[in-house]
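First comes the structure, then the notes that go with it.
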Amino acid sequence: MNDRNLVRGLFLGAIALTFGLNSLRYGIGTLSRAGPGLFPLMISSALLLIAVATVLRSRIVERVALNIQPKNIALLLLALCAFALVSKLANMTAGIATMVFIAALAGSSYSWLRNLKIAAGLIAVAFAFEKLLGLNLPLF
């Protein structure tokens, strides 16, 4: 199984089935009065449709070799762990910036200016979530 599109479709399908089946543990409700399981079920159903389309498309298009890069996977996992640790020890703003700068090391090119822009955008989204949605985020 050295087909990147097939692996991508199967992975998306596994994620969709995991969340979709777990959402059935909660009440679904109706569209006019949604239960807590309706939204995850709808999202996982849409993701499952995308997964099926990806698997079918992988049978039609030319195969693309699967190229796994353990260094990049490790860097992304490190970025997520660093985000959690820095957010807990300092604040979420520093955690977001740390995550962006570590995750950017997995890219093919590195630009500190681009990283600053991405971090600023993510911090702005976090502030919007805090102010507009009333979420209690430790941004400072």
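The values are calculated or read from the model by the stated rules, or taken from the named source; none is laboratory data. Fair warning: this is a prediction, and the values are worked out from it, not measured in the lab. Note that we place each Cβ from the backbone using ideal geometry, even for glycine, and neighbour counts take in every protein chain shown. Surface accessibility is based on the protein's heavy atoms, side chains included, excluding ligands, DNA and RNA. Shrake-Rupley method; radii C 1.70, N 1.55, O 1.52, S 1.80 Å.
Observations
- Matching residues in the range 26-41 - criterion: being open to solvent by less than 100 Å² (accessible area, probe 1.4 Å) and either in contact with a Phe, Trp or Tyr (Cβ under 7 Å, 6 or more places away or on another chain) or closer than 30 Å to R4 by Cα (or both): G35, P36, G37, P40, L41
- Qualifying residue in the range 123-132 (condition: assigned to a helix (DSSP H, G or I), over 29 Å from N22 (Cβ atoms) and of a type in the set (A, V, I, L, M)): yes
- For the range 38-78, filtered to residues that are over 28 Å from G20 (Cβ atoms) and small (G, A, S), the residue that is farthest from the chain's Cα centre (by Cα) is A65.
- Failed criterion for N67 (all others in (1) free of Cβ contacts under 8 Å to residues at least 60 places away in the same chain; (2) open to solvent by 60 Å² or more (accessible area, probe 1.4 Å) hold): (1)
- Among the residues examined, L6 qualifies as farther than 30 Å from E130 by Cα and either in contact (Cβ under 8 Å) with a residue 24 or more places away in the chain or open to solvent by 100 Å² or more (accessible area, probe 1.4 Å) (or both).
- Qualifying positions in the range 114-134 - open to solvent by less than 90 Å² (accessible area, probe 1.4 Å) and not small (G, A, S): N115, L116, I118, L122, I123, V125, F127, E130
- Only one entry in S109, S45, S58, S87 is free of Cβ contacts under 8 Å to residues at least 60 places away in the same chain, in a helix (DSSP H, G or I), open to solvent by 40 Å² or more (accessible area, probe 1.4 Å) and among the polar types (S, T, N, Q), namely S45.
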